[in-house]
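**Student:** Supplied in structure tokens, the structure appears directly below.
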Amino acid sequence: MGSLMALSAEDKLAIHELIALHGHLMDAGELDRMDELFTVDVVYDLTAFGAGELHGCAAIKEAALALGDGNPVGHHVTNVYVTEGPDGTVRATSKGIGVTSDGSVGSVVYEDIVRREVAGWRIAYRKVTPRRVPLRP
């Protein structure tokens, strides 16, 4: 998915900011700015929520609009961890906390593959997995 490169501190910071921007744009309803987050060919995997895979920014926007008031009022991302594989694939794993309008809270794990595009780093693949079961050693 990428060419072999060494990630600089600037790259890692840009990836962290990219992931943080997701929550700001979604919570503000700025769905026409999805191209600032995602590649043209993005796959947004919501299979764990029963929604399958969304392909492209337009599909992500349509899904958010269809969910309407079911969308979280706050997307909070934390614990971002960026790695580069031997093949040059850059992955970012993070934790997400979603707050709904009734005050309930949910936790997810985001597993992203990010790619450097002409316009900067973008998410090419995102898998969202809910965290519903606590650690059981």
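The values are calculated or read from the model by the stated rules, or taken from the named source; none is laboratory data. All figures in this text were calculated on a predicted structure; none of them were measured in a lab. Every residue, glycine among them, receives a Cβ derived from its backbone with ideal geometry; neighbour counts consider all protein chains shown.
**Student:** Just the residues that are more than 18 Å from PRO130 (Cα to Cα), without any contact (Cβ under 8 Å) to a residue 12 or more places away in the chain and assigned to a strand (DSSP E or B), please, taken from the stretch 81-113.
**Tutor:** THR83
**Student:** Report, ordered by the first and then the second residue, all pairs with beta carbons closer than 7 Å, sequence separation of six or more or different chains, a first member in the stretch 49-61 that is within 20 Å of VAL109 (Cα to Cα) and β-branched (Val, Ile, Thr), and a second member that is in a helix (DSSP H, G or I) and at pLDDT 95 or above.
**Tutor:** Here the result reads ILE60/MET34, each pair linking the stretch 49-61 to a residue that is in a helix (DSSP H, G or I) and at pLDDT 95 or above.
**Student:** Here's another thing I want to ask about it. I'm checking my understanding of the structure. Among residues of the stretch 108-119 that are surrounded by 14 or more Cβ atoms within 10 Å (Cβ to Cβ) and not charged (D, E, K, R), which one is farthest from ASP45 (Cα to Cα)?
**Tutor:** Looking at residues that are surrounded by 14 or more Cβ atoms within 10 Å (Cβ to Cβ) and not charged (D, E, K, R), I get VAL114.
**Student:** Tally time: how many residues in the stretch 79-106 are loosely packed, with under 13 Cβ neighbours inside 10 Å, modelled with pLDDT under 95 and polar (S, T, N, Q)?
**Tutor:** Number of matching residues: 2.
**Student:** Something else now. Would you check which residues across the stretch 74-85 are farther than 18 Å from LYS12 by Cβ and out of contact with any His (no Cβ under 8 Å at 6 or more places or on another chain) and list them?
**Tutor:** Within the stretch 74-85, GLY74, HIS76 meet the criteria.
**Student:** Now, a different point. Could you say which residue among ALA66, ALA20 is of a type outside the set (Phe, Trp, Tyr), over 14 Å from the mean Cα position of the chain (by Cα) and more than 26 Å from ASP87 (Cβ to Cβ)?
**Tutor:** Being of a type outside the set (Phe, Trp, Tyr), over 14 Å from the mean Cα position of the chain (by Cα) and more than 26 Å from ASP87 (Cβ to Cβ) holds for just one of ALA66, ALA20, which is ALA66.
**Student:** Filter the stretch 44-80 down to the residues that are in contact with a helix residue (DSSP H, G or I) (Cβ under 7 Å, 6 or more places away or on another chain) and assigned to a strand (DSSP E or B) and list them by number.
**Tutor:** Within the stretch 44-80, TYR44, GLU53, LEU54, GLY74, HIS75, HIS76, VAL77, VAL80 qualify.
**Student:** Right, next: Please enumerate the residues belonging to the stretch 41-56 that are modelled with pLDDT of 95 or more and farther than 24 Å from LEU13 by Cβ.
**Tutor:** Answer for the stretch 41-56, where residues must be modelled with pLDDT of 95 or more and farther than 24 Å from LEU13 by Cβ: ASP41, VAL43, ASP45, LEU46, THR47, ALA48, GLY52, GLU53, LEU54, HIS55, GLY56.
**Student:** What single numbered condition from (1) modelled with pLDDT under 95; (2) of a type in the set (Gly, Ala, Ser); (3) exposed (fewer than 15 other Cβ atoms within 10 Å of the Cβ) fails to hold for GLY2?
**Tutor:** Only one criterion is unmet by GLY2, namely (3).
**Student:** Looking at the stretch 96-137 only, could you name the residues that are over 16 Å from the mean Cα position of the chain (by Cα) and acidic (Asp, Glu)?
**Tutor:** Within the stretch 96-137, ASP102, GLU117 qualify.
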